[in-house]
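Peer 1: My questions will all concern the structure given below.
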Amino acid sequence: MKRFWLVVLLPVALRAQGATENGARPVSLDEAVRLAQRNSPLTVQARGQLRTSDAAIRTAFGTYIPTLSMSAGASSSEGQNLQPNGRLTDITTPWNFNRGVNTNLELFDGGRRYFNLQSARADQDAAEANERLQNYRVALDVSQQYFNILAARESRAAAQAQFAQADQQLKVASARVAAGAATLSDSLRSVIAVGNAQLSILSAENNIRVASANLTRLVGTNTEVTASNEEGREIPVVSIDSTQIRSLIDQAPSIVSARHQVNAAIQSRRATRTSYLPTMSMGYGYSGNRTDEAFAPGGGPFSSLRTLRLNFNYQLFGGLQREENVARAQVAESNAAAQLRDARLSVEQQVTQLLGSLRLAEARIGIQLSSVSAGEEDLRVQNQRYALGSSTLLDVLTSQSTLNQARFSLIQARYDARLAKAQIEALIGRDIP
């Protein structure tokens, strides 16, 4: 008998040792997504790429502005000179002061600066699309861990209901064994059912802790966070139909980014072809210098020289370097076009798959709700029949197993529906009602 109660109470002791969400701060899904988008390395890198592209555009604009440089200096030297008679004489040169200003403007470059500017703008558009893509990818990762917590809580609630029913069955079986109306096997089977239910509770609580730790890492906070109890009560129902979702495919961040990358590659290829055209530039320079025995930079007048330059340059042969650059640009354009085509087909394929998963999960939810209701009623009837002696414990345990399976299938269907909706939103880059 002592061994009997040890088997019953051991899972209870194990459960008491497991902390469940102690000290974790509940956060809403929206708050978790905002924190993750602010702290995630992926989004930080995407924002950095956007800043870099902004700087590249400013640099491209700067090529239209004349360059300007200023210079000023002073020099003097001392030394010794060997004379023909073999004697060394000291040499000291006076101070030499110089100053100057130079400016230069490229008048014609065959359109290279324009195409470089257009390429930089296309890179910026691609960076903006990539930032939106990374934000939704991070949101998907956060949502998945958040939904893992919700599913684990539902599993814990189902396991607790399973435990309560198994515990009631144990009491009934123990009473019947004591009355001689059942064998010891019935009570032992009930003990096993109670232990399995308690292990299910422990497993669910461990899943909550693991998912909460994963969520904490994603949001990037020093304190542990977990899902709010207010979330997950309603299963999302997507009211938008598949035709409307498919109409949004061309605006998916991955496709938009690939499209702008193609445009950037086209502009870069056009820029390389400008090397076959002549260039023209104009410059102006002013320089002055003076000498003085003493160090006095502003002590006297400077001689001056003003220069106006007009340069024309045309490269007749460049060692086939231009041809190589054009070939590389053409290959880059072809690769970008292939990436765009693959991105569009990939999004279309994933949308088809995810829409099917979402509709299937919605249908499974309805079916499993009915299965849970039917299972609860069947278990109630079997318990009553077993208490009256018109049914065996095996019938009760079979009914209990069927109900447990229906409950966990319902939890999985809810999880699949939430996750499929989040995946569709991450794919098309926008929230769907």
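Values quoted throughout were computed directly from the atomic coordinates according to the rules given, and no laboratory measurement underlies them. Source: prediction; values computed, not measured. Virtual Cβ from ideal backbone geometry, glycine too; neighbours counted across all protein chains shown.
Peer 1: Per residue of segment 179-193, in order, report the coupling 6.51 cos²θ - 1.76 cosθ + 1.60 (Karplus, θ = phi - 60°) as ³J(HN,Hα) in whole Hz, putting x for Gly and Pro.
Peer 2: 7, x, 8, 8, 8, 5, 4, 4, 5, 5, 5, 5, 4, 4, 5
Peer 1: Treating segment 53-134 as a set of equal point scatterers at the Cα positions, no solvent, please give the Debye-formula log₁₀ I(q)/I(0) at q = 0.16, 0.21 Å⁻¹.
Peer 2: Log10 I(q)/I(0), no solvent term: -0.80, -0.99.
Peer 1: Now for a different question. Taking all pairs of different Cα atoms in segment 274-399, averaging 1/r and flipping that mean, what Kirkwood radius in angstroms comes out?
Peer 2: It is 25.4 Å.
Peer 1: With springs only between Cα atoms under 10 Å, which of Pro41, Pro278, Pro94 fluctuates most in a Gaussian network model of the chain?
Peer 2: Most flexible of the set in this elastic network: Pro94.
Peer 1: Just the number: Rg to Rh for segment 205-322, Cα atoms, Kirkwood Rh, two decimals.
Peer 2: 1.41
Peer 1: To the nearest whole percent, what portion of all C-alpha pairs in segment 127-233 is separated by more than 22 angstrom?
Peer 2: Looking at segment 127-233, the distances longer than 22 Å represent 52 percent of pairs.
Peer 1: Mind listing the phi-derived Karplus ³J(HN,Hα) values for segment 340-355, rounded to whole Hz, using 6.51, -1.76 and 1.60 with θ = phi - 60°, and x for any glycine or proline?
Peer 2: Once rounded to whole Hz, the list reads 5, 4, 5, 5, 5, 5, 5, 5, 4, 5, 5, 4, 4, 5, 6, 5.
Peer 1: Also: Rank-order 161-173, 308-320, 129-141, 381-393 by packing density, defined as the average count of other C-beta atoms within 10 Å over each peptide's residues, highest first.
Peer 2: Result, highest mean first: 129-141, 161-173, 381-393, 308-320.
Peer 1: Mind pulling the angle between the C-alpha long axis of helix 393-428 and the longest principal axis of the chain? Nearest 10 degrees, somewhere in 0 to 90.
Peer 2: So the inclination is approximately 20 degrees.
Peer 1: With a cap of 12 neighbouring Cβ atoms within 10 Å, and only residues DSSP puts in a loop, list the trypsin sites (Lys or Arg not before Pro) found in segment 29-96.
Peer 2: Arg87
Peer 1: In vacuum, with every alpha carbon of segment 138-178 counted as one equal point scatterer, what does the Debye formula give for log10 I(q)/I(0) at q = 0.15, 0.29 Å⁻¹? Two decimals, please.
Peer 2: Values, matching the q order: -0.52, -0.86.
Peer 1: Also, quick follow-up: Starting from the amide H of Ser391, placed 1.01 Å from N in the peptide plane, find each other amide H under 5 Å away whose residue is 5 or more places distant or on another chain.
Peer 2: Counting only residues 5 or more places away or on other chains, the set is Tyr386.
Peer 1: Please state the relative contact order of the chain as a whole percent: Cα pairs under 8 Å, 6+ residues apart?
Peer 2: 24 percent
Peer 1: Here's a follow-up. Once amide H atoms are placed 1.01 Å from N in the peptide plane, what residues at a sequence separation of 5 or more from Val225, or on another chain, have their amide H within under 5 Å of its amide H?
Peer 2: Placed amide hydrogens put Arg25, Thr216 under 5 Å from Val225.
Peer 1: From the P(r) of segment 37-196, can you give the percent of Cα pairs sitting at distances over 25 Å?
Peer 2: That fraction is 73 percent.
Peer 1: Please list, in order along segment 105-114, the HN-Hα scalar couplings obtained from phi with the Karplus expression 6.51 cos²θ - 1.76 cosθ + 1.60 (θ = phi - 60°), rounded to whole Hz, x for Gly and Pro.
Peer 2: 9, 7, 7, 9, 9, x, x, 4, 5, 5
Peer 1: Still on this structure: Output the Cα-based Rg and Dmax of the chain in Å, rounding Rg to one decimal and Dmax to a whole number.
Peer 2: Cα-based Rg and Dmax for the chain come out at 39.0, 139 Å.
Peer 1: Then there's this: List the residues, sorted by chain then number, that are 5 or more residues from Ala182 or on another chain and whose placed amide H is less than 5 Å from its amide H.
Peer 2: Val177
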